[in-house]
Every structure is written in C-alpha cells, then in structure tokens.
1. Give Ser342, Ser351 a once-over and let me know the one that is open to solvent by 10 Å² or more (accessible area, probe 1.4 Å) and closer than 23 Å to Leu427 by Cβ.
2. Would a scan of the stretch 339-352 turn up a residue that is farther than 24 Å from Leu23 by Cα, among the aliphatic types (A, V, I, L, M) and more than 16 Å from the ligand (Cβ to nearest atom)?
3. Is it fair to say Ile215 is of a type in the set (A, V, I, L, M), open to solvent by less than 70 Å² (accessible area, probe 1.4 Å) and in contact with a Lys or Arg (Cβ under 7 Å, 6 or more places away or on another chain)?
4. Can you say whether Ser257 is open to solvent by 10 Å² or more (accessible area, probe 1.4 Å) and within 16 Å of the ligand (Cβ to nearest atom), as far as the supplied structure shows?
5. Quick check on my filter: what residues within the stretch 223-253 are touching a helix residue (DSSP H, G or I) at 6+ places or on another chain (Cβ under 7 Å), more than 10 Å from the ligand (Cβ to nearest atom) and among the hydrophobic types (A, V, I, L, M, F, W, C)?
6. Name every residue in the stretch 302-312 that is under 22 Å from the mean Cα position of the chain (by Cα) and not in a helix (DSSP H, G or I), in order of residue number.
7. Contact list please: Cβ distance under 8 Å, first residue in the stretch 369-387 and open to solvent by 20 Å² or more (accessible area, probe 1.4 Å), second residue aliphatic (A, V, I, L, M) and not in a helix (DSSP H, G or I), pairs at least six apart or on different chains.
8. Among (1) surrounded by fewer than 16 Cβ atoms within 10 Å (Cβ to Cβ); (2) touching a strand residue (DSSP E or B) at 6+ places or on another chain (Cβ under 7 Å), there is one condition His426 misses while meeting the rest; what is its number?
Amino acid sequence: MANPHVLVIPFPVQGHVIPLMELAQCLVEHGFIITFVNTEVTHERVLDALADKGLLDDRIRLVAIPDGLESEEERKIPGKLAEAIYRVMPGKLEELIREINASEEEPITCVIADQGLGWALEVAGKMGIRRAAFLTAAAASLVLGFRIPCLIDDGIIDHDGTPIKKQTLQLAPTMPLMNTSDFVWARVANLALQKIIFGAMVQNNRLVKLADWLICNSTYDLEPGAFDLAPEIKPIGPLLASNRLGNSAGHFWMEDSTCLEWLDKQPPGSVIYVAFGSFATFSKPQFEELALGLELTNRPFLWVLRQDTKDGTNATYVEGLQHKTATQGQIVSWAPQQKVLSHPSIACFLSHCGWNSTVESVSNGVPMLCWPYFADQFFNQSYICDIWKVGLGFKRDASGAIAHGEIKNKVDELLGTMTFKERALHLKERLMNNIGEGGSSHENFTNFVDWMKTQKSS
Ligand code: UDP
C-alpha cells in the first residue's frame, strides 16, 4: 500500500508551528507523507531557521499560501491576522488540495488542522476528506471554551463574553483556577475587538466538534479533570523531539547552540533558565528589575532575549549587562529550548508559562518560576503552582511590576529545598509513562495513526 498523505496546517505563530511540526515528524516515522502548510511569511522564516540544521526528512514537504495581509505592521495589529486568514486562506487551502489531488502525487486523505483553524476542518469536510483537530494549548483551555454557553446561562459572562463580575472558577478539582478577567477574549482592551475574538472562538469551538479526532499535546496525568469533562479530547503528548531522538523544527529564529557548551561547564542543577517564548516583551524598568534580580541570586543564568525585544535602549543595557555578568550569565537570542531543559545543569525555568514551555519543563523534571503575560498562561501558572505544585509565582508590586528582591527571594525559595525538584521528577516519571508502551498517550496516538491508515474518506 502507498504511504498515506496527510496535510498539516498550523496557526501561523511560533507556539503552534513547533508542536505541529513535531507531530508531522512523528507521523513520518509511521510511514506518512506530509504536506505542511504555512503562511508565506512563516514559511520563509521556517526555511531560514532550518538552514543551519540540514533539511527536514524529504517526506515532509513545506508549502506556503498567503495570509491575506500586506505588511508586517498589519500583522502586529491584534485581530487583523485572524480576520485576514479567515477571509483568504480557506479558498487558497482548497485550491492547494485540489491541485495536489489532481496531480501524480498520492492524494491527501486526511487534514490535521490547528484547533484554532476551524475553517480548515470545514474545507476538508466540504471536500470529503477526513479531518482531525490538534490543540496546542492545555485541554483545560478548550474545556473552558466548550463551557461558554453554560457560563452565559450561569450569569458569569455576557453574550459578548464580557465577565459580569471578577471571580475565580475551578471547573473540576484537578483543573486550574481561572479568573474571569484572564479569559483570553476578556484581556483585550478594545471592546469591539473582544467581541470579534469571542465570536470567532465560539464559532471555532463549534467547528472543532465536527472533527473526527481532537488530539492535544498534553497527557492524562497532567489534566485528569479536563479529560474527564471532555473525553473527546485525546492527549497524545508530551510531544518532544527527544522522544524520537531527533531535533525540533519549525523555529522562526535560528537556535544558538553555543549555550549548550556553556551549560556543559556549569555545575549540575545550578543554572536558572530564563525565557519568555516568542511574543512577550518587557518595559525597560521591568527588564532592569529582572536583570538585577538574576544578578542578586548569585547563580548562573541563561537568558533568552529575542532580537525583537532588544529595542534601542535595551540594546545598550544588554551590552552592559553582558559585560558585567559575563562570568555569571549567558544571553542568547534564541535557544534550543528543549535541549536546554534536558541539560543536567539546569536548576529551574523562569518562564512566561506558554503551554509548550510548560510541557517541555515538566517533561524534563524542571521546577518553574511563573511570570505569565496573557491568555492561557495564567491558567498554566495555576496548574504549575496550585495543582502540580512544581513551581512558584511572583508577587507584583502596586505598579504591576515584579521587583528584583521578589525575583531573588523566589529563586531562593524554589531552589532552597528539594521539595519542588522531587515533585517535578515524580511528575516527569508519570508523563514518560504516558508515552511509553501501554501509556494512555501512546495508546491514543497509535489508535489515531491506525485510523488514518485504515479509514476510507467520509
Ligand atoms: N523556544 C525555543 N527557543 C527559545 C524560546 C522558545 O525553542 O529560545 C520554543 C519553546 O521550546 C516552545 C516555543 O518556542 O516550543 C514557545 O511556545 P510557548 O507555548 O511556550 O510560548 P509562546 O511563544 O506561544 O508564547
């Protein structure tokens, strides 16, 4: 039998492209051919960053379609990208599938779309192609989305998503504490935009239910309450390149691997790894508090400062800092994060708590210090600190900033005892059991693969 051909399409942001690319790499190992569809801008970035790593397996074909936007400025306007994508990409995706299926290539028999791209599932359905949705966030965030009608009925939010009062919910005992003001749509300052985002999420949650499979990068042991409430979400994680003994791909920036050599020279369990994912930025005063806090810990640190966060003022400050802390710290623009987190020198991860970073940290038994910015990061912090108890959050001062003293104190508290490390190692062991033979993620993934190999088009 010929290799089945699957089309994979991520939402065009870093935290979605990496895990979907990881899924694609796993599927190749099971005999699939993959067409991986990025927007044109993302496609270029992924190719550039791959240049230093050798090519991907040639059974993964990278292709691009336009996102409908003219400029980078437009891409930075909240909501613009999602709106343009919806207007332009469905037609382009359909064209692409028609072209492939009319060519000599193996026809596409399954579409795996990012959970945030419900329209891609619609396109697949319309073309009679089987479809699966892939959730890159915690299952808890989608469980909350599925609950929107109840939240409206219970008077917790309005019909446009506006929280009626500030309150904290917990949908099940092992689920995170969720403050209504942290709901993804509610953190948007502009009410008109909030309504658009809320409407799009409701529509998307409806479309996702049409998928034949709904899989996610999580495990039953991380989120038992969420999976009990929504058993249709099947965890297949943690998806990590190390599970395949391979490299992660899909990065938007080139990884600076020199930091691994630097880590080799540090004592075991000594280094604070500091990284805030692909979006988060700092004000200059906050940046300086963090720098001072790290210096005060007297511990080695590895800090990822993306090029786009080093504005004019920060650039000078960073240079000074680099000089001053040359023996204590290492600053890189983009790290091979999964490899860093598995390095024996790492003591803890000071993180913005993006879901990928969270999964990567707990899968390596690394305790966390939580510095969330927006969206699901606050729920993830609650998982880390309140439910799994493998990390600590920071207290903000009256101005909303995190002061250097607080940073130093929390580092000392986290690393001053073995409690957090022991819990993190115990959690890691349970997660690894999930992906091993007989584990629930392993079983879900195997069933998913079998289904893709055997089912006829719907
Ligand atoms: N990442 C990386 N190098 C870095 C910083 C981040 O490879 O220096 C990767 C990280 O391993 C994760 C992704 O970028 O897979 C970030 O996703 P996450 O959900 O944590 O945060 P987001 O960028 O979506 O806010």
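1. Among Ser342, Ser351, only Ser342 is open to solvent by 10 Å² or more (accessible area, probe 1.4 Å) and closer than 23 Å to Leu427 by Cβ.
2. For the stretch 339-352, residues farther than 24 Å from Leu23 by Cα, among the aliphatic types (A, V, I, L, M) and more than 16 Å from the ligand (Cβ to nearest atom): present.
3. On the way: of a type in the set (A, V, I, L, M): yes; open to solvent by less than 70 Å² (accessible area, probe 1.4 Å): yes; in contact with a Lys or Arg (Cβ under 7 Å, 6 or more places away or on another chain): yes.
So Ile215 passes the test.
4. It is true that Ser257 is open to solvent by 10 Å² or more (accessible area, probe 1.4 Å) and within 16 Å of the ligand (Cβ to nearest atom).
5. Scanning the stretch 223-253 gives Ala226, Phe227, Leu229, Ala230, Ile233, Ile236, Ala249.
6. Residues of the stretch 302-312 under 22 Å from the mean Cα position of the chain (by Cα): 302-309.
Passing the criteria: Leu302, Trp303, Val304, Leu305, Arg306.
7. Tyr373/Ala280; Asp376/Ala137; Asp376/Ala138; Phe378/Met178; Cys385/Leu392; Asp386/Leu177; Ile387/Met175
8. (2)
The values are calculated or read from the model by the stated rules, or taken from the named source; none is laboratory data. This structure is a prediction, so every number in the text was calculated from the model and none was measured. Because the Cβ atoms are built from the backbone with ideal geometry, glycine has one as well, and the counts that use them run over all protein chains shown. With ligands, DNA and RNA removed, areas are computed over all heavy atoms of the protein, side chains included. Shrake-Rupley method; radii C 1.70, N 1.55, O 1.52, S 1.80 Å.
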